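These notes are about the structure you will find just below.
The values are calculated or read from the model by the stated rules, or taken from the named source; none is laboratory data. Here the structure is a predicted model, which means the values were calculated and not measured. Neighbour counts run over all protein chains shown; Cβ positions are idealised from the backbone, glycine included. The accessibility values were calculated without ligands, DNA or RNA, using every heavy atom of the protein model including side chains. Shrake-Rupley method; radii C 1.70, N 1.55, O 1.52, S 1.80 Å.
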Amino acid sequence: MRMTAVIDPAGTLELDLGGEKTTAPYPSVMDARRSVMSTATDLAAETSTATELHIEDPSGSRTILVQTDGAIVEQDAESDPTESGPGQPVEAVEPVASPVTPKVQTAPEAAVEAEAPVAAPVPIPVPAPVEASVATEATAPAETVEPLPTRRTAMPSFVDRPDADSPAQAGFRGVLNQFGLKLAASPAELEQRRDEKTVSQHWAGPRTITVLNPKGGAGKTPTVICLSAVFARLGGSGVLAWDNNNSLGSLGWRTFDAGHEATVVDLLEQTDYFMTANARAGDLASYVHHQPSDQYDVLRSDDRSGAKKRHEVTGDEVHRLYSVAAKYYRLILMDSGNTERGDNWEAMIGHSDQVVIPVKSVDDAAEGASRVLSALRAGNEHAQSLADRAVVIVLGCTPSHGPAKLNELADSFRPFVKSVVTVPYDPSLIEGRIRFSSMLPQTRRAWLRAAAQIAEGL
């Protein structure tokens, strides 16, 4: 007797028993399987004939023989089960010494042979590889065994559910929720959550963001600091702010030191070591300056103002430093400095994945941004792509420069770049060391929006 059972992921069973088809729903695939096995076992016992059962369900397909005593024998999927007779276990199959056509038993012959004492078939609960003895010089082909179903395919998941937005945590709705309510988040809060998710992602391989504007005082250093803080706070460690400036860059002045005065010059002396297999990430702490509250590291430019001759970083040295940075950091933000014709500038552009152009709300800073965009578009294909995908950040530099002034300046750049973000005036960005937590809420939100726009291009 042959049975065919097809079970879909919802637990619906379609059973074909000798041409008679029935359909029945079950709570789960497992319940449907139990029903099929119970039916096959009862049928084999009632008819005193092994039942051949073919099952197709979400875990795959298989064919088994259910013996009259309830034993289960796995069938070889590539063979015809009728050739060896019903009820013959896999282990009993022996290769013949010569090509003899197998004899097909008729029902009377099978009945006569059944009177002789024969060994009972050994139940096989799960399929296993079978080692056949070698009877001739030719090697028998290896048996193909179906892999056992994994839990993911055999059972439903109890945790894979669609993400649901949590109740409001900010604003008036968030305050009310502290008293036991569960008000939904506002559209503004949902938008902020989307930006945070975009910024917090990690990419396969390191990414480099370059902050460009040849005009000094255009806002490059605050931009590098604030973006580094946003990416590190939301995405975790592994963020480096690198001052690629040959003229006394101020990144080291506007951030905190780590108890030493190391700069790129000191790290250049150790680049060979840090590229070896024995180098340790912790050793970098002697060459970079970790920012405890904002969770990123700073690689300072050579700031020895009293030295007779400053070290001018070459393009080759930028490549060496970048190899180390890309090995130990997932995200690198570079302050370009003000010399766009230097070798270090060209090498930096070659490593860039995204360009950010800060513009303080004054005309000369805007002119510098316009010129650097034009220079990129006059460069090679990579530089042109960076210009097309650039993000411009307009920063308010005085309290009198309100939204109208910033938006007017932003509108002049929008046709030429990917996006433009405005950041309102904030006294904590004007002088002294910069900490993200010291900024006004609207300023922090603006930097988050800028970081999200940049992350979309990475």
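Can you find a residue that is open to solvent by less than 10 Å² (accessible area, probe 1.4 Å) and out of contact with any Pro (no Cβ under 8 Å at 6 or more places or on another chain) anywhere in region 404-412?
yes
If residue 3 meets every condition in (1) modelled with pLDDT of 80 or more; (2) surrounded by fewer than 15 Cβ atoms within 10 Å (Cβ to Cβ); (3) more than 44 Å from the chain's Cα centre (by Cα) apart from one, which number is that one?
The single condition residue 3 does not satisfy is (2).
Take the conditions closer than 19 Å to residue 312 by Cβ and either in contact with a Phe, Trp or Tyr (Cβ under 8 Å, 6 or more places away or on another chain) or among the hydrophobic types (A, V, I, L, M, F, W, C) (or both) and apply them to residue 268. Does it pass?
Working: closer than 19 Å to residue 312 by Cβ: yes; either in contact with a Phe, Trp or Tyr (Cβ under 8 Å, 6 or more places away or on another chain) or among the hydrophobic types (A, V, I, L, M, F, W, C) (or both): yes.
Considered against the rule, which asks whether it is closer than 19 Å to residue 312 by Cβ and either in contact with a Phe, Trp or Tyr (Cβ under 8 Å, 6 or more places away or on another chain) or among the hydrophobic types (A, V, I, L, M, F, W, C) (or both), residue 268 comes out as yes.
Among what's in region 426-458 and is part of a helix (DSSP H, G or I) and of a type in the set (D, E, K, R), pick the residue that is farthest from residue 171 (Cα to Cα). Before the answer, list the steps.
Quick first cut of region 426-458, residues part of a helix (DSSP H, G or I) only: 427-429, 436-438, 441-456.
Subsequent filtering for residues that are of a type in the set (D, E, K, R) retains 444-445, 449, 456.
Details: 444: 16, 445: 14, 449: 18, 456: 27 Å.
Here the residue is 456.
When you scan region 406-421, how many residues do you find that are in contact with a strand residue (DSSP E or B) (Cβ under 9 Å, 6 or more places away or on another chain) and more than 16 Å from residue 374 (Cβ to Cβ)?
Looking only at that region, the number is 10.
Out of the residues in region 190-244 meeting the condition of being of a type in the set (Lys, Arg) and part of a helix (DSSP H, G or I), tell me which one is least open to solvent (accessible area, probe 1.4 Å). Walk me through it before giving the result.
Going residue by residue through region 190-244, those that are of a type in the set (Lys, Arg) are 193-194, 197, 207, 215, 220, 233.
Okay, now just the ones that are also part of a helix (DSSP H, G or I), so 193-194, 197, 220, 233.
Working: 193: 55, 194: 140, 197: 149, 220: 14, 233: 104 Å².
Within region 190-244, the match that is least open to solvent (accessible area, probe 1.4 Å) is 220.
May I ask you to list the residues in region 253-265 that are in a loop (DSSP other than H, G, I, E, B) and either crowded, with 22+ Cβ neighbours inside 10 Å or in contact with a Phe, Trp or Tyr (Cβ under 9 Å, 6 or more places away or on another chain) (or both)?
Taking region 253-265 as the starting set, the residues that turn out to be in a loop (DSSP other than H, G, I, E, B) are 253-263.
If the condition is that a residue be in a loop (DSSP other than H, G, I, E, B) and either crowded, with 22+ Cβ neighbours inside 10 Å or in contact with a Phe, Trp or Tyr (Cβ under 9 Å, 6 or more places away or on another chain) (or both), then 255, 260, 262, 263 are the ones that fit.
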